[in-house]
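Report on the structure given below.
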Amino acid sequence: LGSFLGVVVEVIWCLVIHGYIESRTALVYGPFNPLYGVGAVALTLALYRYRNRGPWLSFLSGMLVGSAVEYGCSFLQELILGSRSWDYSHLPFNLHGRVCLVFSLLWGVAALVWVRRIYPWLQRWIDRIPARTIGPLTRVLAVFMAVNIALTAAALGRMDERQRDLPPSSGAERLLDRCFPDETLHRCFSSMVYVGTPEDR
């Protein structure tokens, strides 16, 4: 749910700020962005139990937790895939272009809304799902997301190899080339850029 809601918010943000609709997904299947899924889980685990201790605690803690998640996801993407999906270097008070004050403040607002409004409402609905259903449903969704993330990483890794003129070395890589050509991935990940030259990567 966090992965989906994050995409919705980003699409609306892009439309309002820039005046056009752009794909903000981060997986090859479905309107999902794991950054926001991880963020939702992290905010829930870190802050939900303290949601009634005042809005400032939720806001400031949300700034820290959300910024840590955003920095970590950016660092891992660059480390593993050699690419970045966002760069705040042009904004003031940024840290290595991965996080900045403006978006840290927005993480604080998101934390307030999530832990004090959205998640309690969702929890009431989740509690209504029978116990015999919630376990299998959770496992199915977890497997789907895990496969989706692994397939996305493999497709992006193969695109990086194509950028470096490396031919496919296996049937699986040939299948990735056929199913996920550069044009398809550029549409899915319109804001992603590679760091350095192909030779450097």
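The values are calculated or read from the model by the stated rules, or taken from the named source; none is laboratory data. Being a predicted model, the structure only gives us computed values, none of them experimental. Cβ coordinates were reconstructed from backbone atoms using ideal geometry, including for glycine residues, and neighbour counts include every protein chain displayed. Quick note on the areas: whole protein, heavy atoms, side chains included, nothing else; ligands and nucleic acids left out. Shrake-Rupley method; radii C 1.70, N 1.55, O 1.52, S 1.80 Å.
In the context of the full set of protein chains, residues of the chain present 60 Å² of accessible surface per residue (probe radius 1.4 Å, heavy atoms only).
Shown for segment 50-201: the carbon plus sulfur share of the solvent-accessible area, taken with all protein chains present and a 1.4 angstrom probe, equals 67%. Tally Lys/Arg at +1 and Asp/Glu at -1 over every other residue whose Cβ is under 13 Å from the Cβ of Leu95; what's the total? So the surrounding residues net to -1. Given springs between every Cα pair under 10 Å in a Gaussian network model of the chain, which of Ile126, Ile80, Ile17 has the largest fluctuation? Looking only at Ile126, Ile80, Ile17, the biggest GNM fluctuation is shown by Ile17. Applying 1/(1 + (r/R0)^6) with R0 = 25 Å to the Cβ-Cβ distance of Val143 and Val41, what FRET efficiency is obtained, to the nearest 0.05? Step by step, r from the Cβ atoms, then E = 0.90. Given R₀ = 30 Å, what would the calculated FRET efficiency be for Arg49 paired with Cys179, taking r from the Cβ atoms and rounding to 0.05? Efficiency for this residue pair is about 0.10.
About its Cα centre, segment 103-201 has a charge dipole of approximately 820 debye under the convention of +1 per Lys or Arg Cβ and -1 per Asp or Glu Cβ, with nothing else charged. Comparing Val140, Val113, Val102 in a Gaussian network model of the chain where C-alpha atoms under 10 Å apart are linked, the largest mean-square fluctuation is found at Val140.
Karplus-derived 3J(HN,Hα) values for segment 49-55, using 6.51 cos²θ - 1.76 cosθ + 1.60 with θ = phi - 60°, are 5, 9, 4, 9, 9, x, x Hz; glycine and proline are entered as x. Among Phe144, Phe103, Phe180, which one moves the most in a GNM of the chain with springs linking Cα atoms closer than 10 Å? Maximum among the listed residues: Phe144. With contacts taken as Cα pairs under 8 Å at a separation of at least 6 residues, segment 1-108 carries a relative contact order of 21 percent. Here Rg/Rh (Cα atoms, Kirkwood Rh) was calculated from the structure, and among (i) 1.00; (ii) 0.92; (iii) 0.96 it sits at label (i). Full extension of the chain between Thr133 and Leu76 gives 17.1 nm of extra length, using 0.36 nm per residue less the Cα-Cα distance.
Per residue, the convex hull spanned by the Cα atoms of segment 1-48 measures out at 70 cubic angstrom. Each residue, Leu1 and Ala150, gets one label point 7 Å from its Cα in the Cβ direction; the gap between the two is 2.7 nm. With the helix formula -39500 (n - 2.57) applied to DSSP H stretches of n ≥ 4, the chain reaches a computed 222 nm mean residue ellipticity of -21500 deg cm²/dmol.
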